[in-house]
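Everything on this sheet refers to the single structure shown next.
The values are calculated or read from the model by the stated rules, or taken from the named source; none is laboratory data. Predicted model, so just to flag it, every value in this text is computed and none were measured. Positions of Cβ are generated from backbone atoms using ideal geometry, with glycine treated the same way; all protein chains shown enter the neighbour counts. Note: accessible area is taken over every heavy atom of the protein model, side chains too, but ligands, DNA and RNA are not part of it. Shrake-Rupley method; radii C 1.70, N 1.55, O 1.52, S 1.80 Å.
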Amino acid sequence: QPVIAQVRAGQTQHHIVLTAPSFQQLIQAVTAETLPTGLLLKPVGAEELFRLLRAVEQPSAVQTQATYVWTVKARRYSIAQDAILYFESRSKKTFLVTAAQEYELSASLDALEEQLGSRFVRTHRSYLTNLSMIDYLNTDGIYIKNREESIPIRAKSLNKISRKLRELTRQRNSL
């Protein structure tokens with residue numbers, strides 16, 4: 001597993017395939033750190049190996065969709081941008097918020113805004129919001145799909161955000 005940690009610490013595209021002489025050993029080797037692309041029982045035949053490699057080569061929706069990648073203590077994390085509701089800055093920390101949980105980041109909202117582009121919009125000095133997750137907005141705030149609480153909005157940003165939402169809707173409708 002130290003080898004896997006070294007591979008994952010690099011900034012390369014990679015696939016981890018675990019092999020072991022028994023199914024029990026394979027199951028024990030699968031951890032949050034290993035997250036293998038595939039599992040093979042030893043002895044590994046050429047046909048099995050090539051079948052797995054062909055499956056890995058096939059582009060999937062997960063591999064081709066836009067992701068946000070960050071590193072914490074030499075550990076690399078990745079999440080689909082479509083799963084991100086918003087980023088929030090509070091108590092001098094930045095949090096990535098999804099429907100399921102929050103992740104603490106070291107990046108500033110300014111850096112995130114520049115990195116993520118037009119898909120996310122600065123809705124308040126403390127919030128960077130995923131445009132596709134906005135259910136509706138008004139002068140009271142921005143309401144995220146399937147969430148009860150609202151995100152504050154700068155009054156001067158209301159028209160700009162409304163315009164971006166209309167553009168996004170037009171783009172989706174033209175597909």
Förster radius 45 Å - calculated FRET efficiency between Thr37 and Ser126 (Cβ-Cβ, nearest 0.05) = 0.75
query = How long are the semi-axes of the ellipsoid equivalent to region 125-175, from square roots of 5 times the Cα gyration tensor eigenvalues, in whole Å, largest first?
reply = 19, 13, 9
request  = Only loop residues by DSSP count here, and only those with at most 12 other Cβ atoms within 10 Å; note down the GluC sites (Glu not before Pro) in region 86-168 that meet that.
outcome  = Glu148, Glu149
remark   = Here, Tyr77 and Gln28, labelled 7 Å along Cα→Cβ, have an inter-label distance in nm of 3.0
request  = Mind giving me the FRET efficiency for Asp135 and Lys93? R0 is 25 Å, r the Cβ-Cβ distance, nearest 0.05 is fine.
outcome  = 0.45
remark   = Residues other than Arg154 with Cβ under 10 Å of its Cβ, Lys/Arg counted +1 and Asp/Glu -1, net out at +4
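Estimate the FRET efficiency between Arg147 and Gln115 by the formula 1/(1 + (r/R0)^6), using the beta-carbon distance for r and 30 Å for R0, to the nearest 0.05.
My answer for the efficiency is 0.80.
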request  = Mind pulling the per residue volume of the convex hull built on the Cα atoms of region 69-170? Å³ is fine.
outcome  = 105
key: Out-of-range pairs (alpha-carbon distance over 32 Å; input Lys73/Lys164; Lys92/Lys164; Lys42/Lys73)   = Lys73/Lys164; Lys42/Lys73
query = Among Val30, Val3, what's the order by accessible area (1.4 angstrom probe), most exposed first?
reply = Val3, Val30
remark   = Once the mean of 1/r over all distinct C-alpha pairs in the chain is inverted, the Kirkwood radius in Å reads 19.0
key: For Ile153, residues with placed amide H under 5 Å, excluding near neighbours   = Ile142
